[in-house]
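Asks: For reference, the structure I am asking about is given below.
Values in this text are rule-based calculations from the coordinates and carry no lab data. All values derive from a computational prediction rather than experimental measurement. When we count neighbours, we look across all protein chains shown, and the Cβ atoms used for this are built from the backbone with ideal geometry, even at glycine.
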Amino acid sequence: MSAEVRTTCPYCGVGCGVLAKVAADGEVSVRGDADHPANFGRLCSKGSALAETLGLEERLLHPEIGGRRAGWDEALDLVASTFTSTIAEHGPDSVAFYVSGQLLTEDYYVANKLMKGFIGSANIDTNSRLCMASSVAGHRRAFGSDTVPGTYEDLELADLVVLVGSNLAWCHPVLYQRIAAAKEKRPGMKIVLVDPRRTMTADIADLHLAIAPDGDVALFSGLLAFLAERDVLDRAYIEAHTTGFEAALAAASALGMAEIARRTGLDEETLLRFFTLFAETPKTVTVYSQGVNQSASGTDKVNAIINSHLATGRIGEPGAGPFSVTGQPNAMGGREVGGLANMLAAHMEIENPLHRDRVRRFWNAPAVAEKPGLKAVDMLRAVADGRIKALWIMATNPVDSMPDADAVEAAIKACPFVVISDVSAEGDTIRHAHVKLPAAAWGEKDGTVTNSERRISRQRPFLPMPGEARPDWWIIAEVGRRMGFAEAFSHASPAEIFAEHAALSGFENGGERDFDIGAHAGVDASAYEELEPFQWPAVALPPSPRERGEGNVSNVRFFANGGFYTPDRKARFVAVRPAGETAAAADYPMILNTGRVRDHWHTMTRTGQSPRLSQHLAEPFVEIHPADAARCGIGDADIVRVSSARGEVLVRALLTARQRQGSVFAPMHWTDRFSSRGRIDALVAPLTDAVSGQPALKHAAVRIEKFAARAFGFAVMRQRPVWIDADYWALARCRHGWRVELAFAGEKTDWAAFAQKLFGANEEAELLAYHDSDAGQHRIAAFDGDRLAGALFAAPGPVAVSRGWAADQLGETHAGQRSRFRIVAGRAGADRPDAGAMVCSCFSVGANQIAAAVAAGCASVEDVGNATRAGTNCGSCRAEIRAIVNAGRVQAAE
Ligand code: SF4
């Protein structure tokens with residue numbers, strides 16, 4: 001057995017420390033690192049299941065050219081020569097890199113250096129553009145730098161935490177748990193949730209503001225005006241450390257309460273409750289994420305929030321500040337190296353000739369980019385119209401994750417030269433690559449990531465790289481060398497790259513730039529190996545207080561005493577106004593909000609491999625308010641067609657009063673690999689924020705209608721089906737195989753033949769079938785010896801069979817007729833009660849089991865945990881358990 005390796009979770013921006021161990025038989029186990037300051041030993045459901053996602057089944061193991069296996073030399077030579085010849089013929093802006101917050105900082109650094117210093121274009125952008133570009137833009141407008149002022153500890157120290165557009169319980173679960181634990185210790189601590197949906201995060205909220213989509217600028221403008229009216233401003237801070245307050249206040253005050261109420265969809269009493277709470281609580285942190293950023297007015301929203309904090313001087317103090325939390329594990333690292341098309345490197349600016357010259361000298365670069373490059377949406381437009389002729393996509397899946405996803409796919413398909421370096425051989429984007437390059441995956445990669453509180457941690461390898469997989473930094477550096485830049489890309493290890501990155505951050509810095517980790521410029525291989533998680537800044541030679549602006553940096557927080565990174569070292573208030581309103585289109589009267597679910601990550605290339613994670617929500621769905629559903633004739637569990645002017649998807653209806661009327665919510669994870677038509681971003685128009693270029697992924701005009709299904713089905717099978725002839729299907733792994741949800745528009749006559757093909761069962765398989773054609777009920781099971789090869793349940797309405805029970809049958813032996821008939825009957829025996837929908841992934845505890853525990857007297861989440869173990873490991877399901885406990889209470893009271 002190997003020693004435990006200290007590494008970092010590859011999912012969200014919390015950046016939890018993970019201890020990974022490989023047993024003698026190769027089995028990997030993970031647990032939270034109790035010494036890591038982001039999580040102190042906690043892991044959420046995704047982090048806990050990391051070991052289940054390391055299989056090689058879908059790995060890209062060898063370079064490929066045009067679909068055939070190739071050697072590394074041939075593939076790298078082709079990439080380098082094609083990029084070189086394209087640049088020679090069409091100029092440096094005819095090529096582009098589309099990279100990812102999944103890359104490690106060292107990978108990112110080399111990619112950015114090659115494009116911005118040696119190719120001479122800034123056409124490198126990242127999928128982090130879809131995640132937090134508006135926060136970057138808002139920070140830069142207000143602070144003069146992309147600085148997150150606070151730390152996670154502030155969320156525990158605050159007396160009021162305002163969560164805006166942030167479903168922390170599902171998207172940043174360990175941070176949510178830290179806040180929940182702090183509130184449990186100090187019940188006086190208040191939580192306000194600002195979100196159109198009553199998400200699971202509302203579980204710990206004292207106040208939920210079910211705000212109208214994009215009502216945030218009006219809300220925080222109203223707050224600023226209220227703070228001024230009640231004279232709870234920090235006049236001394238405003239005077240000493242800011243400019244532009246009067247203009248910002250004038251813009252905010254112009255709205256008036258009635259207009260704010262109209263734009264936010266909130267009544268004045270609720271607004272005043274929130275404003276008063278904020279005004280009366282000096283220790284306030286406002287946390288915001290994608291609900292703020294993914295909007296055509298995202299940057300203004302960010303500045304509206306920051307304005308309220310600057311006006312009260314609540315910034316950089318323990319327990320006070322605006323706090324952007326990033327979606328991806330290394331979104332922050334990407335920002336540090338200049339992975340965004342409008343940044344240079346080490347938080348330097350492309351537009352600034354001094355910065356360009358500094359970077360040129362440091363890199364000894366022949367061609368530093370002189371203007372910002374194309375941001376993600378514009379980059380893909382340039383691919384579509386032929387301006388970009390060679391595109392290299394690294395570790396991301398834009399065919400699923402970009403807005404107007406169908407058009408993005410068409411653009412990539414038509415691009416003359418597409419290189420994709422990735423871990424997975426299967427995916428909706430990689431199928432269009434001319435050259436595929438196998439990259440190292442989590443567990444094999446070696447480098448650093450930066451989390452949302454500016455903490456840099458090591459990702460360390462504990463597995464060998466399989467096949468011919470190579471680290472991303474190595475692949476990029478090899479191409480750089482072959483393009484003629486041997487000296488600049490001579491790095492032999494990630495330690496060397498990190499040292500160079502650290503040196504650049506400190507180069508001619510002297511307190512002028514916030515990002516400075518110059519203390520690590522001299523790091524060698526062994527110091528890099530031992531590197532402990534640390535927060536930046538980490539300056540080599542601390543600048544004098546005068547140089548850095550008096551007291552601008554405490555050990556871990558920025559701006560308590562001003563010292564912003566603007567020319568006069570003062571923060572800028574930004575006068576923001578709510579965006580103009582567009583009337584709802586008659587054809588598409590509803591607003592689609594897209595987002596994440598608890599147990600899946602991005603486009604499921606990793607989490608889709610985990611049976612445990614795939615059980616929580618096993619198919620794409622749309623949340624609809626019951627009143628909207630009734631108006632559209634949609635029932636719970638119906639299949640729904642959601643369409644926009646861009647495209648359409650088929651998803652399952654989930655009726656819930658947690659959803660705001662007039663809006664619907666759908667997750668962004670499902671791809672063509674896991675569903676017939678579940679790529680939700682195909683519906684979203686490529687509208688972007690004018691300042692940040694971030695697309696409005698949470699705001700698409702759509703229509704919903706019931707899909708006229710004549711039959712529904714559910715099946716489990718041991719093999720992944722290679723053929724699914726259904727109008728709607730959604731595939732997910734389960735413990736012993738696969739499960740699939742089905743719906744059909746037409747009449748199906750030969751169910752047995754369909755089932756056999758679906759199961760991939762051999763001809764000797766024994767079929768057991770039940771048909772009631774009048775009732776439209778069909779159940780077919782195929783047995784391979786005494787093992788179940790597959791079972792199909794079909795009905796004229798949504799199939800009521802227990803999914804968990806049916807999936808478990810794949811792992812059992814069925815020697816006797818009784819057990820075989822039980823499968824065809826579609827019912828668990830009396831000794832096998834149906835666990836219900838999965839709630840606790842760690843211990844496989846379903847909703848019915850929790851409800852039964854509540855009915856038996858469990859009155860709290862802890863009671864349920866004691867009785868069933870649910871919620872006692874990672875805790876990600878505690879919000880859902882609490883919802884069931886509360887529902888039980890209401891029922892008891894009735
Ligand atoms: Fe990973 Fe979960 Fe921690 Fe995010 S909260 S870093 S997904 S373990």
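Asks: Calculated FRET efficiency, E468 and K371, Cβ-Cβ r, R0 45 Å, to nearest 0.05?
Replies: Details: r = 38 Å, r/R0 = 0.84.
E(calc), rounded to 0.05, equals 0.75.
Asks: Efficiency by 1/(1 + (r/R0)^6): what FRET value for E763 and E812, r their Cβ-Cβ distance, R0 = 22 Å, to the nearest 0.05?
Replies: Numbers: r = 23 Å, r/R0 = 1.07.
So, using R0 = 22 Å, E works out to roughly 0.40.
Asks: Over region 558-644, how many percent of alpha carbon pairs lie in each 5 Å bin up to the one with the longest distance?
Replies: Values per bin, smallest distances first: 2, 9, 13, 12, 11, 10, 10, 10, 10, 8, 5, 2, 0.
Asks: How large is the convex hull of the Cα atoms of region 597-730 per residue, expressed in Å³ as a whole number? It would help to have the intermediate numbers written out before the result.
Replies: Details: hull volume 17.4 nm³, N = 134.
Normalising the Cα hull of region 597-730 by residue number yields 130 Å³.
Asks: How would you classify region 757-846 from its alpha-carbon gyration tensor, with a ≥ b ≥ c the square roots of the eigenvalues: rounded for a/c under 1.5, else prolate if a/b is greater than b/c, otherwise oblate?
Replies: Details: a/c = 1.74, a/b = 1.24, b/c = 1.40.
Oblate.
Asks: Can you classify region 335-408 as rounded, prolate or oblate using the Cα gyration tensor, where a ≥ b ≥ c are the square roots of its eigenvalues, rounded means a/c under 1.5, and otherwise it's prolate if a/b beats b/c and oblate if not?
Replies: Working: a/c = 2.60, a/b = 2.15, b/c = 1.21.
It comes out prolate by the Cα gyration axes.
Asks: Quantify how much of the Cα-Cα distance distribution of region 711-762 extends past 17 Å, in percent.
Replies: 29
Asks: While we're on this one: Once the dipole of region 22-68 is set up with Lys and Arg at +1 and Asp and Glu at -1 on Cβ about the Cα centre, which of P37, G47, A23 lies farthest towards its positive end?
Replies: Farthest towards the positive end: P37.
Asks: Placing +1 on the Cβ of each Lys and Arg and -1 on the Cβ of each Asp and Glu in the chain, which of A715, W670, V99 has its Cα farthest towards the positive end of the resulting dipole?
Replies: Positive-end residue among those listed: A715.
Asks: For the residues R273, R652, R59, what sequence is obtained by ranking on other C-beta atoms within 10 Å, fewest first?
Replies: Working: R273 16, R652 23, R59 19.
Least to most surrounded, the residues fall as R273, R59, R652.
Asks: Can you give me the angle between helix 878-893 and the longest principal axis of the chain, using Cα atoms only, in degrees from 0 to 90, rounded to the nearest 10?
Replies: 60
Asks: May I ask you to derive the relative contact order of the chain, considering only C-alpha pairs under 8 Å and at least 6 residues apart, and to give it as an integer percent? Walk me through the numbers on the way to the answer.
Replies: On the way: 2159 pairs, mean separation 129.6, N = 894.
Across the chain, relative contact order equals 14 percent.
Asks: Further question: Tell me which of G480, A425, A503 sits at the most positive position along the dipole axis of region 372-507, charges placed on C-beta atoms (Lys, Arg +1; Asp, Glu -1).
Replies: In region 372-507, that residue is A503.
Asks: Extension gain R720-A645, at 0.36 nm per residue separation less the Cα-Cα distance, in nm? Spell out each step's value before the answer.
Replies: On the way: separation 75, 0.36 × 75 = 27.00 nm, distance 3.37 nm.
Using 0.36 nm per residue and subtracting the Cα-Cα distance, I get 23.6 nm.
Asks: Calculate, in nm to one decimal, what A247 and D784 gain on full extension: separation in residues at 0.36 nm each, minus their alpha carbon distance. Present the calculation step by step, with values, prior to reporting the outcome.
Replies: Details: separation 537, 0.36 × 537 = 193.32 nm, distance 7.53 nm.
Roughly 185.8 nm would be gained on extension.
Asks: Provide Rg over Rh for region 1-97; use the alpha carbon set for both Rg and the Kirkwood Rh (inverse mean inverse pair distance).
Replies: Numbers: Rg = 20.3 Å, Rh = 17.0 Å.
Here Rg/Rh amounts to 1.19.
Asks: Here is a follow-up. How large is the dipole of the chain about the Cα centre if only Lys and Arg carry +1 and Asp and Glu carry -1, each at its Cβ, rounded to the nearest 20 debye? Before the final figure, lay out the partial values.
Replies: Values: 93 positive and 107 negative charges, 151 e Å.
The dipole of the chain has a size of about 720 debye.
Asks: Considering every Cα-Cα pair within the chain, what fraction, in whole percent, is farther apart than 54 Å?
Replies: Working: 43943 of 399171 pairs.
Cα-Cα pairs in the chain separated by more than 54 Å: 11 percent.
Asks: Cα convex hull of region 61-188: mean projected area in nm², to one decimal?
Replies: On the way: hull surface 48.6 nm².
Averaging across all directions leaves 12.2 nm² for the Cα convex hull.
Asks: Which value in nm describes the separation of the simple spin-label points at C632 and R31, placed 7 Å from the Cα toward the beta carbon?
Replies: 4.7
Asks: I want the local charge near K46. Using Cβ-Cβ distances under 13 Å, sum +1 for each Lys or Arg and -1 for each Asp or Glu among the other residues.
Replies: Numbers: positive: R42, R596, R598, R606, R612; negative: E52, D599.
Residues near K46 contribute +3 overall.
Asks: What are the ³J(HN,Hα) values, in whole Hz, obtained from phi via the Karplus relation 6.51 cos²θ - 1.76 cosθ + 1.60 with θ = phi - 60°, for each residue of region 473-489 in sequence order, with x given for Gly and Pro?
Replies: With coefficients 6.51, -1.76 and 1.60, one gets 4, 5, 4, 5, 5, 4, 5, x, 4, 6, 8, x, 10, 4, 5, 5, 10 Hz.
Asks: Pop the C-beta distance of A859 and F40 into the FRET formula with R0 = 22 Å and round what comes out to the nearest 0.05.
Replies: Numbers: r = 28 Å, r/R0 = 1.29.
About 0.20, to the nearest 0.05.
Asks: As I understand it, the value is the acute angle between the Cα axis of helix 353-363 and the longest principal axis of the Cα atoms of the chain; what does it come to in degrees, rounded to 10?
Replies: Taking Cα atoms only, the helix is inclined about 70 degrees.
Asks: Let me ask something else about it. Please order M348, M394 by the number of other Cβ within 10 Å, starting at the fewest.
Replies: Numbers: M348 22, M394 25.
The most exposed by this proxy come first: M348, M394.
Asks: A further question follows. Once both labels are modelled 7 Å past Cα along the beta-carbon direction, what's the S819-S85 spacing in nm?
Replies: Going from the S819 label point to the S85 one covers 6.2 nm.
Asks: Going by alpha carbons, how many degrees (0 to 90, nearest 10) lie between the helix axis of 216-229 and the longest principal axis of the chain?
Replies: 50
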